[in-house]
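The next block holds one structure in the form of structure tokens; read it before the comments.
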Amino acid sequence: DMFAHPSTQQNLDRLRSFGNRIIEPAEGELASHLVGKGRMEEPDKIVAVLDDFFASQIQLEKKKIVITAGPTYEKIDPVRFIGNYSSGKMGFALAEACAGQGAEVTLIAGPVSLKTVHPNIKRIDVESAEEMYHAAMEAFPEADAGILCAAVADYRPDVQATEKIKRETKGEMTLLLVPNKDIAASLGAIKREGQILVGFALETNDETAHAEGKLKRKNLDFIVLNSLRDAGAGFRCDTNKITIIDKEGEATAYPLKSKQGVAVDIINKLATLLK
Ligand code: CTP
């Protein structure tokens with residue numbers, strides 16, 4: 001009765017609609033001795049099914065993957081910065097999913113309040129675009145792939161005041177901004193034969209044209225496009241709706257999914273290129 005209850009069934013439907021795979025024993029297989037549907041399976045059988053499931057999912061065994069994630073903060077003075085709304089959730093979901101598929105992950109994270117769980121994730125915390133650039137340039141030459149998920153600030157204040165800037169009595173103030181390095185383009189420029197580089201594009205208009213421009217300009221192998229016009233996509237949410245565009249110009253659109261589900265789609269694409 002508990003299994004048949006609409007709340008339980010709704011939860012299962014919801015998980016399925018987010019692209020999660022629900023492992024259900026085939027009729028007569030694991031559930032053979034069960035009195036009814038929904039009865040808990042013996043724990044050792046659950047473990048055996050999970051082992052099989054994850055063994056069949058290992059697509060990135062020993063691959064070295066560098067991932068950038070989160071926002072960057074560009075310091076104005078000791079108490080203020082220019083930042084953005086990136087939560088880092090997409091990049092962290094990718095890091096966990098890559099590690100779960102056997103990869104050795106270097107996660108270069110901007111300031112976020114997220115934890116890493118998998119032991120095969122080496123995390124490097126940075127604050128500014130400049131720090132992220134140096135960490136990425138150091139890690140990428142050793143890597144099989146780079147996934148550039150961070151929302152990097154394109155500009156930083158040309159001077160960072162060492163003391164707190166006081167309120168001006170005269171009214172307006174001007175901050176002069178100077179450009180940061182483009183991490184994706186810099187890695188694209190040093191990319192070796194066989195290395196794969198994946199970028200993201202969060203757009204509000206002319207999405208495909210902008211994404212294709214970035215793919216070429218940054219020498220990426222594919223780009224993950226999400227549009228702020230789609231509900232449930234982009235910053236500060238747990239879901240995302242993506243289109244993957246590769247350098248052959250092939251575009252694949254995916255339905256709205258959890259960021260974990262989206263990570264699996266991106267990894268499946270990456271795995272076909274790393275083989
Ligand atoms: N990116 C990066 N370093 C930067 C800017 C962007 O590595 N300084 C990466 C992002 O992580 C993302 C891709 O480049 O994978 C596209 O980022 P986006 O901000 O959309 O690109 P821009 O070139 O900054 O384009 P614009 O701001 O004009 O849309």
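The values are calculated or read from the model by the stated rules, or taken from the named source; none is laboratory data. These figures come from a predicted structure and were not determined experimentally. Using ideal geometry, Cβ is built from the backbone for each residue, glycine included, and neighbour counts are taken over all protein chains shown. The area values use the complete protein model at the heavy-atom level, side chains included, leaving out ligands, DNA and RNA. Shrake-Rupley method; radii C 1.70, N 1.55, O 1.52, S 1.80 Å.
Structure notes:
- Those aspartates and glutamates that a straight Cα-Cα span of less than 20 Å connects to K275, excepting residues fewer than 8 apart in one chain: E61, E104, E142, D144, E193, D221, D246, E248, E250, D265
- Gain in span if fully extended, H5 to A209, counting 0.36 nm per residue against the direct Cα distance: 68.7 nm
- DSSP H segments from the chain that extend 20 Å or more along their own axis, Cα-based, with Kyte-Doolittle mean of -1.0 or above: 259-274
- Label-to-label distance for K166 and R16 is 6.7 nm, based on points extended 7 Å past Cα in the beta-carbon direction.
- Surface accessible to a 1.4 Å probe, per residue, for the residues of the chain, Å²: 58
- Between D44 and V79, the modelled labels are 6.4 nm apart [label points 7 Å from Cα along Cα→Cβ].
- Span from the the range 221-240 Cα centroid across to the the range 63-116 one, whole angstrom: 16
- Listed residue pairs exceeding 18 Å between alpha carbons, taken from K75/K181; K122/K259; K115/K257; K75/K164; K89/K191: K122/K259; K115/K257; K89/K191
- The chain - Debye-derived log10 I(q)/I(0), Cα point model, q = 0.14 Å⁻¹: -1.02
- Selection of chymotrypsin sites (Phe, Trp or Tyr not before Pro), the range 199-275, meeting DSSP coil and at most 16 other Cβ within 10 Å: F235
- Note on the chain: dipole from Cβ charges, positive end direction compared against I65, I196, G234; the farthest Cα belongs to G234.
- Surrounding net charge for P179, when Lys and Arg each add one and Asp and Glu each subtract one, Cβ distance under 12 Å: -3
- Loop-located trypsin sites (Lys or Arg not before Pro) across the range 210-243 with a Cβ neighbour count of 13 or fewer within 10 Å are R229, R236, with loop assigned by DSSP.
- Model label points for V159 and M137, set 7 angstrom from Cα along the Cα-to-Cβ axis, are 2.5 nm apart.
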